[in-house]
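The values are calculated or read from the model by the stated rules, or taken from the named source; none is laboratory data. What you see is a predicted model, and the numbers here were worked out from it, not measured in a lab. Glycine also receives a Cβ, built like all others from the backbone with ideal geometry; neighbour counts cover every protein chain displayed. When the accessible area is computed, the model is the full protein with side chains, heavy atoms only, and any ligands, DNA or RNA have been set aside. Shrake-Rupley method; radii C 1.70, N 1.55, O 1.52, S 1.80 Å.
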Amino acid sequence: LIDNGLPSILFLIVFNIQHELKTAIWAALTLSVVLAVFRLIKRDTLQHAISGVLGVLICAWFANRTGNASDLYIPKLLTNLGYGTVYLIANLAGWPILGLLLGPILGENLKWRNHPERKRAYILASWLWVAMFFARIAVQYPIYRTGNVNLLGTVNLAMGYPLFLATAYGSWQIIKNAPAIPAENTDTTER
């Protein structure tokens with residue numbers, strides 16, 4: 001969360017002070033690399049260190065390519081569109097993403113598919129994610145079209161982690177209240 005959030009905040013601050021896109025991009029990239037090096041020094045996983053830098057690089061490439069500071073947020077809009085679409089299609093197909101992700105973690109694997117109340121909980125919780133991803137687009141895309149980079153950056157941050165955490169909490173509330181899947185008999189004798 002820090003690897004993408006802090007460089008975005010620094011980008012906005014530098015852009016507002018300098019009114020220079022390239023300076024703001026370099027500030028965000030530099031901070032991203034510093035955070036990655038810090039992670040490596042702490043012996044965190046290489047994936048986390050690299051993913052933050054790659055995310056900032058991709059966003060910076062979009063903004064630098066056009067010279068429009070608002071274009072820094074295109075990858076985030078496209079990511080929300082992609083995730084929202086995947087969650088939507090999976091829900092409509094009866095294979096909610098949360099069930100596919102959490103089933104193995106909770107020891108249910110895909111058994112939840114045979115338990116209507118549990119499946120319904122995963123679908124309902126996954127609708128929260130569909131709503132979150134598409135709400136971000138519905139609010140941020142019109143702001144992007146106006147070119148107001150300050151408002152877009154602020155709204156992007158406000159609809160980022162706070163909305164993500166609220167959606168995760170809501171999903172947890174739905175799933176934890178769904179009946180657990182009964183444990184199966186562990187008899188391993190052949191039949």
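Just from its helices, what would the mean residue ellipticity at 222 nm be for the chain, if runs of 4 or more DSSP H residues each count -39500 (n - 2.57) and the sum is divided by every residue, rounded to the nearest 500 deg cm²/dmol?
After summing the helix terms and dividing by the residues of the chain, the value is -25500 deg cm²/dmol.
Tell me whether segment 66-130 comes out rounded, prolate or oblate; compute the Cα gyration tensor, take square roots of the eigenvalues as a ≥ b ≥ c, and use a/c under 1.5 as the rounded threshold. Prolate. With contacts taken as Cα pairs under 8 Å at a separation of at least 6 residues, the chain carries a relative contact order of 19 percent. Dipole check for the chain: with +1 at the C-beta of Lys and Arg, -1 at the C-beta of Asp and Glu, and the Cα centre as origin, the magnitude is about 160 Debye. The distance separating the Cα centre of segment 88-156 from that of segment 16-31 comes to 33 Å.
For segment 36-191, the per residue solvent-accessible surface stands at 60 Å², with DNA, RNA and ligands left out and a 1.4 Å probe.
Distant-in-sequence amide contacts of Ile181, defined by a placed amide H-H separation under 5 Å and a gap of 5 or more residues or a different chain, comprise nothing.
With all protein chains present, how much of the accessible area of segment 1-155 (probe radius 1.4 Å) comes from carbon and sulfur, to the nearest whole percent?
Accessible surface attributable to carbon and sulfur in segment 1-155 totals 68 percent.
Working note: Karplus 6.51/-1.76/1.60 with θ = phi - 60° gives segment 33-44 the couplings 5, 4, 5, 5, 4, 4, 4, 5, 4, 6, 6, 5 Hz, where Gly and Pro are set to x.
Computed about the Cα centre, the dipole magnitude for segment 1-105 is approximately 160 debye when only Lys and Arg (+1) and Asp and Glu (-1) carry charge, each at its Cβ. Specify whether the C-alpha gyration tensor of segment 99-171 places it in the rounded, prolate or oblate class, a ≥ b ≥ c being the square roots of the eigenvalues: rounded for a/c under 1.5, otherwise prolate if a/b is larger than b/c and oblate if not. Prolate. Let a ≥ b ≥ c be the square roots of the eigenvalues of the Cα gyration tensor of the chain; is it rounded (a/c under 1.5), or, if not, prolate (a/b larger than b/c) or oblate? It comes out prolate by the Cα gyration axes.
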